Each structure stands twice: as structure tokens, then as C-alpha cells.
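The values are calculated or read from the model by the stated rules, or taken from the named source; none is laboratory data. Quick caveat: nothing in here was measured; it's all calculated off a predicted structure. Because the Cβ atoms are built from the backbone with ideal geometry, glycine has one as well, and the counts that use them run over all protein chains shown. Each accessible area value is taken on the protein alone, full model and side chains, heavy atoms only, with ligands, DNA and RNA left out. Shrake-Rupley method; radii C 1.70, N 1.55, O 1.52, S 1.80 Å.
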Amino acid sequence: MGTVRPEDCPQTESTNMTVKQVETIEPVHDGFIVIFPPVAVDVEVGDTATFALLIITLLHLTMEEIYVRHVELLGFEKRFFPSQHYVYMLMVKWNDLSEKLIYRGYPEIYTFHKSLKEMFPIEAGDINKKDRIIPVLPAPKWLDNQKSTETRQSTLAEYCSSLINLPPKISRSQLVRSLFKVRPEDENPPAQHPLKRNETFVVSNDKTRDNTSEISGPIILESYRVIADYSHTSKYEITLHIGDLVEIVEKSPNGWWFCQCDTKRGWVPASYLEPLDGPEESEEADPNYAGELYITTKAYKAAQDDELTLETGETIEVIHKLLDGWWVVRKGEETGHFPSMFLYRTGEKKEMVSEELVMRRQTPPPRRSTIRNAQSIHSKGRQRISQDTYRRNSRRFLQQKGGRPNQPRKTSKASTQSPLQDWNNRGIPRVATGGYITENIPSLPVNY
């Protein structure tokens, strides 16, 4: 930062000018927006040294305001080197859009908790118990075991969530940032035991509303094979080579999966990965021609014939959620693939969705059909439903459930109201359905 000298500032008459104090800093695509509260400080403009110092202070605060926006507990690891111990896996998302997987032991988190209470005694309730806002965290046991580590997960998840939602003077303090800041040992974990492999226990995706969690373990993370070379395009991704085996830590609905390959960890497109036991994804749902109403959050222009071009703010129906992040949507009577990361469900609170979108990646993952020189270990390729089949089954469903007569196909621009909206307006109940696929779908080539 350059030096601001008093002689560089314009000299004017000494008069009062209101300068507002910086409160928060919000990230946007190309930089930061500084938000000021209605708290004013009177400064003598004629005092150029004071004015210059104030400007430097504001700039300093703007550059340094980095804080944690979200912490998600993914599970825990049982490690055997140098001795048996347990560490929790936490996905930390920051306000600069970065997200990192970190590992922390419970004794360290509890030590942090005690330091936080000492730093903020009023908020810890040490002076008056009624003033306490810092969440409670039980002390660790003398001897940790798998059962205690497992049962403590819901408590730790609630603690992290409450911690991040405390007032900024606490949640954005240096102490909190230090706990969640990524360390070298997070990106390059210590050596494993020569005879025992680390065991990973992940939280089930089916969480109950009271934030309790079910543990799917003991397990080794699900393994996938890389079908083509992939070069990372950001520091949050990892480069992979054909034939590499990766372990899946998190499957995001937008088609970006968090994986680990040897000592590397980062995001990769799901389209570059295939299961080891067969070409098909057992977790992939069947089409639902009843549809679910979503709204587009960003415009997208179709790059392939089986995709749809949509503008921001359009209401569409999702009829097939695919794991690669390219969902099949219906607009009027047209169907096509569209990036799921540019959609959010109607009825959700817009503020919450906006928060979620900030944490998501900014570009859709590549589609499997665009990957060159893909090589599968399976003799048969993945079966895929053509858009003609989607449209035919969709029209059949609309005619049966909505009493709609046969009509010529319309383009997305000509359609002003989705069929699902039309049913709702007419009072016809929605009925969930599955397949409606009546034709035999040929197997695609191996390098699809």
C-alpha cells in the first residue's frame, strides 16, 4: 500500500464532514462491496493527516476482513499413526468463496473453546449467566474411543453452526479464523501406519430435522476410477490421470465431487469418474415426469442439441436429476439438459438460496459427451435416455394426468406457463411417477 502524505490531500476550510465506520465486507464476483452502518464519526477535513490516516484504516479493514461463512461436519477418521486417535473432517467455506477440508481433533477444539470463553467472559456467562451466548461444549473424555467420537458428532456440528452465527466480534475473531484455517497437514496428511489403513466414517446424507446424524461405518470411502485426464482449472480442484482411483468424500448435486487421490484432495467433475463395479450409477434416480418446480438463477445458452437455452428467472420443471449435475428440465413441452447449479426450488427462502449460491462453484462441470478419449473398464457403456424419449413420455404423462389433447410441440420461447403450473391452477393433484420408458434404449459406446 502506498504512503499518503498530508501535502497530497487537498486543503479546504476546516468544516465537519461525516465519515461512516466500516461494518461488514461482502464479496461479489469482481471484488468487494463495503457496507456502512448508520454510525458516524465527525472528522475535521482541514486536519489532512487525520483524514489520510482514516482512509488508510478503512482500506486496511477492507483488505483483511476474511471470515468463515459455513462449517459442515462430514464425519471422522480413525488413524493409527503414530498411535490410534480420531480426527473430525470439517468442510470450511469462507467469504472469499474458497472451501477447504480440514481435520481437527476434539481435544484441540475443546482447548479453543476454553480460550474463546476467556477472551469473551461476558458472552461466556462468567459475569452473568443470563448473558451467555457462546454455545456449550462438553469436556473430552480421558480415553477417546470410536463410540464417543461417533456420538459426539451431532453436538460438534451444532456447536460449529452456533459459533459461526455469533456476533462478528466473536465469529470473525482471529481465534476463530485460526481454528478453521487450513494447515499443511490438512492438505498433506501425515504418513499412515505401515500395516493399518486409516478408516473413514462419514455422516449419512439422510439427516433428521433435529440435526442428529447416522453414521455409515466403519467403511472405506467409495472408490471411483478416472476415465480421462483432467487438468484442474482452479486451486480448489485436483489434476487426475486416466486410470487413477479416487475416494469420494462428498457428492454435490451440482456435479462437482470432493475427492481424495493419494495425498491430494479437491473438487473434480463427476463426469470424469465411473464406478468400479459397473457403468451405471446405483444412486441415480428414475425420471419423475410429474416434475418439480425450480427457478433459474443464471442464464445459460445451449451448447449442444440436447440442452435448453433459458434466461434468468424462468420457472421450469425438473423431471430427471442426474448425478453429473446436468438435470433434464421441461419448459412448456420442450425438454433438455440444464446445469443444476443454476437452479433453485420454488418456495425456498431467497436469502438462504443466495447464501448457498455464494458457496457453490461458478461454472458447471463438463458433460460426459464432451470428454475426448474417455476409456472405460466396462464392456458396456452407460445407458442414456434420449430427449425424444423424455419428450414423448412427458407428453404422454401430461395427457393422462392433465387431460391435455395432442398438441404440436412448442419451443421454450413460445411457452408462457409450465404444465405443472397449469395443473395447479386447474386444481388437478400432482402424481409422482417413475419410468414411462417404453422403447429399448441401445447401449452407448464405451467411450461415451
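At 7 Å along the Cα-to-beta-carbon direction for both Ile66 and Ser162, put a label point, then send me their distance in nm to one decimal.
With each label placed 7 Å out from Cα toward Cβ, I get 2.9 nm.
Modelled label-to-label distance, Tyr110 and Ser231, 7 Å Cα→beta-carbon offset: nm?
Label-label distance for Tyr110 and Ser231, simple model: 4.9 nm.
Counting only protein heavy atoms and a 1.4 Å probe, tell me what percentage of the range 68-112's accessible area is made up of carbon and sulfur. Provide the component values of the computation, followed by the final result.
Working: 740 of 1390 Å².
The value for the range 68-112 is 53 percent carbon and sulfur by accessible area.
List, in the order given, every pair from Lys100/Lys196; Lys93/Lys181; Lys301/Lys331; Lys93/Lys264; Lys100/Lys147; Lys100/Lys264 whose Cα-Cα distance in the structure shown is over 22 Å.
Exceeds cut-off: Lys100/Lys196; Lys100/Lys147.
Where does each of 319-331, 139-151, 77-89 land if you order them by average Cβ count within 10 Å, highest first?
Order by mean packing, descending: 319-331, 77-89, 139-151.
Treat each spin label as a single point 7 Å out from the Cα along the C-beta direction, and report the Thr363 to Gln375 distance in nm.
Taking the two extended label points, one gets 2.6 nm.
Hey, can you find the accessible area per residue of the range 93-194 for me, probe 1.4 Å, expressed in square angstrom?
For the range 93-194, the per-residue accessible area is 55 Å².
Can you figure out the FRET efficiency of Phe81 with Arg396, using R₀ = 35 Å and their beta-carbon distance, to the nearest 0.05?
After rounding to 0.05, the efficiency reads 0.05.
Would you mind calculating the gained length between Thr312 and Asp126 on full extension (0.36 nm times residue separation, minus the Cα-Cα distance), in nm to one decimal?
Length gained between Thr312 and Asp126: 61.9 nm.
I'd like to compare 120-130, 287-297: which one has the highest average count of other Cβ atoms within 10 Å, and what's the full order after that?
Values: 120-130: 13.1, 287-297: 20.3.
Output ranking for 120-130, 287-297: 287-297, 120-130.
At 1.4 Å probe size, with every protein chain present, just tell me what the per residue accessible area of the range 231-300 comes to in Å².
Accessible area per residue, the range 231-300: 41 Å².
Can you list the equivalent-ellipsoid semi-axes of the range 65-165, largest first and in whole Å, using the square root of 5 times each Cα gyration tensor eigenvalue?
24, 20, 11
With the full set of protein chains in place, find how many percent of the accessible area of the range 225-282 is carbon and sulfur; take the probe as 1.4 Å.
Roughly 51 percent, rounded to a whole number.
Pull out the extension gain between Glu281 and Glu187, defined as 0.36 nm times the separation in residues minus the alpha carbon to alpha carbon distance; nm, one decimal.
Contour length minus Cα-Cα distance gives 30.9 nm.
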